[in-house]
Each structure stands twice: as C-alpha cells, then as structure tokens.
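Peer 1: Please read through the structure below; I'll follow up with questions.
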C-alpha cells in the first residue's frame, strides 16, 4: 500500500462509527440493482473500495462492469440499494454534482471532446474549478509528455492511445480522490497498455484511489490490490489481486490466452 | 456597377439579420440536435417587445436628432434582446424540457416546436394586431450616410450591419473563449461526458436558448426598424435564416454567420437578373443546391455525433 496521508485532495479522516464498519470504507456499494427498462443489468451488487486502493472489476462483456461504474459516478441511478462515499449517500446525485465530491470518471471509449484541442480538453477536466490549477496541469503534462507535444491539436486527430492519455489527464485535472477508469486498455497496443498501467500505478501512488474496470484480467489483477469478478449482473468471486490471479477458475475463465502467451 | 454596389449593401444588411437569427437555430441544434422551429416567433417577439417599449418611450413623433437615434437604438436592441431571450427561455421550459425529461422521440420535439410556433404567432396576432401603427416611426428618414459611386449607403443600413457584426463578434468570443462557451461546445459534442466534467446539461441548454433568443430578438428589432411589424413577420426571415444555418453547416456558429450573409447577398444579387418576386425561390434554390453538392454545409464538418 502506498502512503496516502499527503495526497493533494486527501479527505479528513472519517470519524469511527461503532458497529458500522461500512463507514470506514471510502466507497461502499450495497446491494444495488440497476435496470435498463425491464432488464436487470445489476442484480444486487455489493462491494467496497478502501482509501488508497486499486480495486479491479472484472468480467466478460455484458457482465455489468460498466453499468456498475456508471452508477457510482452518477450517470445511472440504482433502483434498489445504496452507495455511500466518504460517509455520505450518493446514489441519485447527478454526475455533474458528484464530481464536486472528487469522483472523476474516465468513460469507456475515452470520450475526449474531438473538436476541442488537447489544451481545451484539459481545461474541461478542471471545469468544476473557477480556473485550472496550473500545478496539476504541469503534473499531468509531466505524466503524459505526448499531450504537451500535441497541446494545440484537435483531440479527434489523436491516436487511440493518446486519446486515452488525454481522457485520463482530463480526469486528473478535476483533482479526483476516487478515479473510475473504464477499460483504459481497450483497443490499444500492448506497449501503450503497459504505459497506461504504469501511469495508473503512479497516480495511485500520488494518493488517488482507483476503481478499475478491465477485460484484460491479467494486467488488471497484477496492478490491483483487490478484485471482484462480475457475471451477468452479480459478483461471483472476490479477493486479493494475487489470489485471484492464482485462482484456477479465474485462470480458466479469463486468463486462458494471456497465461499461455507469457 | 452602381446596381451591384447597391444590391451588395442591401444584401449585407439583410444577410446580417439572417445571420443573427441563424445563430439561434445553430446554437440550439448544437446542444439538442433539434431544429427549434419556433425560433422565428422568438424573433417576432423581440420585434414587438422592443416596439412596445420604444413606442411608449418616444411615441409616434420621432423627432430625429443624434441623441434620439442613439436612445432608440440602445433601448431597442436591449429590449429586443431581452424579450427574445425571455421568449426563448420560456419556450425551452414549456415546449421542450418536459419532453426531454420523458425521453420523448425526436418527432415529438418537432411537433412541439411547430405547435409552439403557431401558438406564439397567433397570440401575438391577438395581442398586437389591433395596434394602430405597426411600424417604428421613421427615425432615420432614409438619411444617406455616404455614397459609393452613384450608390447611396443609408444610415440605417450601416447601423444594422454594424450592430449585427458587433453582436456576432461578441458571440464568437463567447463561444470560443469563455467558460460558458466551452460548456455549450462540450454539451454539443458529447453531453454525457460533459456532465462528467461537472457541467449541468439542463442549465447549459437553457442558457443556449437564452443566448440564441437574445440574438434573434435583437435581429427582430433591427428588422422592424427596417421594414414593419406583424404577427406573421417571423415566417420568412425565420425560414430563410434556418436555410442559412443549414447552408453554413448547422451546429457551427461561424457557419451560420457566413450562411446568413451569403444568403442575403445571393438574394439581392439575383434581383439584377430576375424579377424580384423570384427572390424567395432563389434563396431556397441555393439551399437545395448546397445540400445536393455539400450536404454538411459550407463549414459543416459532419452532422453525426462525435465518434
């Protein structure tokens, strides 16, 4: 575990609540159900994230990973269950207010603003502040020197890897305490993926808690402190990253190719 | 040659008003992917709003002097913009937001827009049509400011062009450089992601309507100064401004300005070759041709959503 006490946006330590251990977690997702019309995408999902952790949500396409993240970031509302963040109920708070609590979400597929420049995209990330924090900006450009090179370029003209870097950089501009990353490795070359995962490790070392959604289970579990495995809207397995990585069922279900390749 | 200059100036005058109205269509299209067909009535409301205030203030006896002209212009532009902005804000609240909340299909928005347009124009007909003298007193007395060759340039024409250009300049700065402008662009490009950045989408849409309405209302005042007022005055300028917005590339503010000026010029130049009752035909023929050969408009990049 990394030292978190001096992270820039570190919250005040929460008062200990007797008999309510849930309150000691940074994020507590309790038995949420999310529906798309008649379809139940999440059927009672519970998990927690502790301050300073990297937690991975794994699973196949359609298992509910993205839905889970969208519900945490306020893009969707659970029909049942609750989400508690730093001791406060947050389910039902819309995404544009939730970011003010320090939850930044890098959505699946990057979603940079294609017709804005890299510069403007970074500024958008700091939208919740009166003006962008130049120290944070310098730090972000330090993490991603490629963005500095392309600072005046329209984001739509960047390569996939650069767009992913921009999407993460943009989220960091919002000074997250909890960073939600949805498939940061999607569609990227292995070399770029390794770079991105290095950055995630570095960001986490700076004191940002990370909730990571990944299909690339081997890489994600190598990075994460803990992981949860989702299957058709339910959590079927959970544990420490290295335990899951060693688990036969996980290896069979998600790591077949990757293990064989290494 | 003198004719050409004369028609060019007339074209720029008309075109700059089209451009102001077209901005309202294009801004709203940007954030909602919706053609706000009631925008022509926002324009009309701006004309009547400014007329009522200016008429109460100076009455019918427009004794013209420099001071009076400045007062009429200042008051007219501001009240026109305010009534346009108010009408547009209300329109969004009543005709569109409830549909958006319910996730209604696009067709419902279109029908709501047309209904709101009829309602506003008929209401104005009922309220204002009995007013005795539905045009501004002739403050400017067709005063000629200067001449280029034989072609006279009238004061009113200069005022309209200058006012429109100033408004467009500020709008362009607003969209490009301010935080409000960036939030409007972000919602237009990718609304769910804009929300993740902390942008309140509903508020941004509301503000977009207000800005577009203010420009349309100011154009209504200028147009009324230039010709006259009626509850049906919105139809042709509104429809042509919509054509101008498409011509320039809908969703692109600079395109709307360019499209408006182009359309005004083409319309007026056509008078040199064809009888003037063909003007409206020409305007829409230009639109059809542009759509056939360049469907995204002059400055349009793409009509779809960001990939």
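The values are calculated or read from the model by the stated rules, or taken from the named source; none is laboratory data. These numbers come from a predicted model, not from an experiment. Cβ atoms come from the backbone with ideal geometry, glycine included; neighbour counts cover every protein chain shown.
Peer 1: Given A:215, A:195, which one is without any contact (Cβ under 8 Å) to a residue 60 or more places away in the chain and away from chain B (no Cβ under 14 Å)?
Peer 2: The match here is A:195.
Peer 1: Can you tell me which residue is surrounded by the fewest Cβ atoms within 10 Å (Cβ to Cβ) among those in segment A:71-108 that are facing chain B (nearest Cβ under 9 Å) and closer than 23 Å to residue A:229 by Cβ?
Peer 2: This residue is A:75.
Peer 1: Search segment B:284-307 for residues being part of a helix (DSSP H, G or I) and surrounded by fewer than 18 Cβ atoms within 10 Å (Cβ to Cβ), and hand back the single one that is modelled with the lowest pLDDT.
Peer 2: Going through the qualifying residues, I end up with B:291.
Peer 1: If you don't mind, another one. Let me confirm something: among B:224, B:191, which residue is touching a residue at least 40 places away in the same chain (Cβ under 8 Å) and more than 27 Å from residue A:168 (Cα to Cα)?
Peer 2: None of the other options fit; the residue is B:224.
Every residue, every condition in (1) modelled with pLDDT of 95 or more; (2) farther than 21 Å from residue B:206 by Cβ, yes or no:
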| residue | (1), (2) |
| --- | --- |
| B:18 | yes, yes |
| B:22 | yes, no |
| B:48 | no, yes |
| B:52 | no, yes |
| B:57 | no, yes |
| B:66 | no, yes |
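Peer 1: A follow-up question, please. Just checking, how many residues over segment A:155-190 are assigned to a helix (DSSP H, G or I) and either over 13 Å from residue B:197 (Cβ atoms) or more than 11 Å from chain B (Cβ to nearest Cβ) (or both)?
Peer 2: 14
Peer 1: Separate question: I need the full set of residues from segment A:117-130 which are farther than 17 Å from residue A:96 by Cα and either in a loop (DSSP other than H, G, I, E, B) or facing chain B (nearest Cβ under 9 Å) (or both), in order please.
Peer 2: Result: A:120, single match.
Peer 1: Mind listing just one residue for me: the one in segment A:29-70 that is more than 20 Å from residue A:106 (Cβ to Cβ) and part of a loop (DSSP other than H, G, I, E, B) and, of those, nearest to the other protein chains (Cβ to nearest Cβ)?
Peer 2: A:37
Peer 1: If we keep just the residues of segment A:215-236 that are within 22 Å of residue A:194 (Cα to Cα) and out of contact with any strand residue (DSSP E or B) (no Cβ under 8 Å at 6 or more places or on another chain), which is surrounded by the fewest Cβ atoms within 10 Å (Cβ to Cβ)?
Peer 2: Result: A:222.
Peer 1: Additional query: Of the numbered conditions (1) under 30 Å from residue A:125 (Cα atoms); (2) in contact (Cβ under 8 Å) with a residue 40 or more places away in the chain; (3) more than 14 Å from chain A (Cβ to nearest Cβ), residue B:156 fails exactly one; give the number of that condition.
Peer 2: (1)
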